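Working notes for the structure below.
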Amino acid sequence: MSTRKSAKLFDRAQKILPGGVNSPVRAFSAVGGSPLFIDRASGAHITDVDGNRYIDYVMSWGPLIHGHAPAGLVRALGAAAKRGTSYGAPTAIEVELGEEVRRRFPSIERVRFVNSGTEATMSAIRLARAATGRHKIIKFEGGYHGHGDPFLAQAGSGATTLGVPTSPGVPPAAVGDTLLAPYNDLDACRTLCARETGSIAAIIVEPIAGNMGVVPPADGFLAGLRALCAAHGILLVFDEVISGFRASAGGAQEVFGIKPDLTCLGKIIGGGLPVGAYGGRADLMALVAPSGPVYQAGTLSGNPLAMTAGLWSVKPLKPRLYRDLAALGERLASGLADAARRARVPLHVNAFGSVLTPFFTREPVRDYRSALTADTAMYGRFFRAMLARGIYPPPSQFEAWFLSAAHTKKDVDRTIAAAKKAMRTIQN
Ligand SMILES: *Cc1c(COP(=O)(O)O)cnc(C)c1O
């Protein structure tokens with residue numbers, strides 16, 4: 001299997017794009033080797049520029065719940081493009097997608113479309129701060145909310161440490177109001193809220209964590225956050241950029257029956273085009289410009305191509321799809337676990353419906369600390385062994401694998417067969 005053309009392109013890319021890529025994890029630095037350049041994709045498969053074909057479990061990091069390049073979407077985009085790609089003026093389809101979002105997420109009484117998940121979370125926090133007149137926020141260790149300054153903080157030591165920047169260029173002041181707590185640790189949140197009572201604007205949480213690998217919420221965690229926020233006048237912000245339209249058509253908030261004050265969406269809502277959204281209580285959203293004073297704008301926000309892809313992706317979502325995806329996810333999760341057992345490889349597979357992460361560790365993973373016990377070098381060897389067998393898993397231990405409606409039982413069984421062989425080669 002030659003990857004010569006990818007290697008050549010990566011050489012060229014590194015001379016023009018920082019690290020050769022436009023988003024860091026694509027560079028394969030966490031797993032060794034050099035990235036594959038993709039030429040085309042269809043259904044559950046991607047093909048690189050050397051003509052190698054893979055079963056894809058990255059799926060553009062989540063948006064492609066219907067698979068790559070579904071014919072109906074390609075047609076709809078072609079038709080939309082003919083009528084103009086962007087006007088910078090209102091269109092009917094923005095209203096239609098907005099109403100569709102509200103139908104799926106009753107907590108979203110009003111919604112604003114933006115161009116990425118990053119924009120959605122940044123804007124939601126600005127709004128939460130404006131609405132409460134408070135500045136502090138609580139985020140969870142290992143939680144990812146895009147690359148906005150206030151979110152690029154991690155714990156120094158322990159739950160009650162003030163945020164320190166995880167990236168140069170982020171002024172300490174930008175994360176000085178970011179408090180950190182371990183995921184699934186309600187007591188740590190209670191302590192923070194008691195200590196900082198009256199100064200916390202929002203708690204932002206991935207209701208199903210997906211960016212330290214998949215970590216579902218512990219029983220009562222989300223309900224506990226809801227109650228805590230209500231008691232302290234804090235706004236609860238669900239970052240459902242992954243879980244929205246993924247955990248169910250109504251997101252994790254539908255699955256767990258929790259009503260956040262604000263919700264951030266991304267990924268599936270754009271069906272593979274750049275879209276994000278934030279929304280929630282009408283009284284809060286009324287503060288957003290031009291109906292209120294909280295400034296937020298976007299030249300290409302709500303453009304007809306992005307809205308077309310979003311509407312096409314979201315409208316047909318039905319419970320049946322989620323049942324099928326969950327069955328496939330269960331098949332893959334148990335197949336990977338079984339492959340590891342046979343090869344005596346330590347593995348814990350966390351799964352929720354159509355997302356899963358096989359953690360190469362002996363410890364159950366319920367937060368960032370336990371996720372970090374995973375053997376990332378072993379994951380790297382596993383990744384490369386799978387790639388050599390025509391399977392394309394995410395190039396990092398701490399990312400979710402994504403299934404789509406285009407993945408078949410046969411794809412999953414081929415993946416498990418490849419994993420059985422791969423697992424035998426990765427022990428030290
Ligand atoms: C991907 C992601 C984001 C950021 O979205 P972008 O579109 O990459 O800016 C924010 N929050 C979560 C939970 C995500 O998974």
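Every read-out reported here was derived from the displayed coordinates using simple, explicitly stated rules and does not represent laboratory data. In this text, all values refer to a predicted model and were calculated from it rather than measured experimentally. Cβ placement follows ideal geometry from the backbone for every residue including glycine, while neighbour counts extend to all protein chains displayed.
Taking the Cβ-Cβ separation of Ser291 and Glu109 as r and a Förster radius of 22 Å, what is the calculated FRET efficiency to the nearest 0.05?
Calculated transfer efficiency: 0.95.
In terms of modelled amide H atoms, which long-range or inter-chain residues lie less than 5 Å from the amide H of Asn350?
Thr357, Phe359
Picking from Pro106, Ala120, Ala89, whose Cα lies most toward the positive end of the charge dipole for the range 72-314 (charges on Cβ: Lys, Arg +1; Asp, Glu -1)?
So the residue furthest toward the plus end is Ala89.
Averaging sequence separations of C-alpha pairs under 8 Å and six or more residues apart, then dividing by the length of the range 72-314, give the relative contact order as a whole percent. Numbers along the way, then the final one.
Values: 488 pairs, mean separation 70.6, N = 243.
Computed value for the range 72-314: 29 percent relative contact order.
Which of the peptides 83-89, 387-393, 322-328 is most tightly packed, and how do the rest follow, judged by the mean count of other Cβ atoms within 10 Å per residue?
Working: 83-89: 10.9, 387-393: 19.6, 322-328: 16.7.
For the peptides 83-89, 387-393, 322-328, the packing ranking is 387-393, 322-328, 83-89.
Compute the length gained on full extension between Ala388 and Ser60: take 0.36 nm times their separation in residues and subtract their Cα-Cα distance, giving the result in nm to one decimal. Spell out each step's value before the answer.
Numbers: separation 328, 0.36 × 328 = 118.08 nm, distance 2.01 nm.
So the extension gain works out to 116.1 nm.
Only bridges whose two residues both fall in the chain count here: according to DSSP, what percent of them are antiparallel, nearest 5? Kindly include the intermediate steps, with their values, before the conclusion.
Numbers: 28 of 47 bridges.
Looking only at bridges with both residues in the chain, the antiparallel portion is about 60 percent.
Please give the calculated 222 nm ellipticity per residue for the chain, where each DSSP H segment of at least 4 residues contributes -39500 (n - 2.57) and the sum is spread over every residue; nearest 500 deg cm²/dmol?
On the way: 14 runs with 155 residues, N = 428.
That calculation yields -11000 deg cm²/dmol at 222 nm.
Calculate the FRET efficiency for His147 and Ser86 from the Cβ-Cβ distance with a Förster distance of 30 Å, rounded to the nearest 0.05. Don't skip to the end; give the middle numbers.
Numbers: r = 24 Å, r/R0 = 0.80.
My answer for the efficiency is 0.80.
Give me the net charge for the shell around Glu141: Cβ to Cβ below 10 angstrom, other residues only, Lys and Arg +1, Asp and Glu -1.
Values: positive: Lys139, Arg369; negative: Asp185, Asp367.
Around Glu141, the surrounding residues sum to 0.
Tell me, how many Å apart are the Cα centres for the range 41-75 and for the range 110-139?
Distance between centres, Cα-based: 32 Å.
Starting from 0.36 nm per residue, how many nanometres of slack lie between Arg414 and Lys315 once their C-alpha separation is accounted for? Spell out each step's value before the answer.
On the way: separation 99, 0.36 × 99 = 35.64 nm, distance 3.10 nm.
Here the segment from Arg414 to Lys315 would lengthen by 32.5 nm.
What relative contact order, as a whole-number percentage, does the chain give when Cα pairs under 8 Å and 6 or more residues apart are counted? Could you put the intermediate results ahead of the total?
Values: 882 pairs, mean separation 90.6, N = 428.
Across the chain, relative contact order equals 21 percent.
For Lys421, give me every one of the lysines with a C-alpha distance below 21 angstrom, ignoring sequence neighbours fewer than eight places off in its own chain.
Within reach: Lys409, Lys410.
Which one, Pro217, Gly302, Thr132, projects farthest toward the positive side of the charge dipole computed for the range 72-314 from Cβ point charges (K/R +1, D/E -1)?
With unit charges placed on the Cβ atoms, the residue in question is Gly302.
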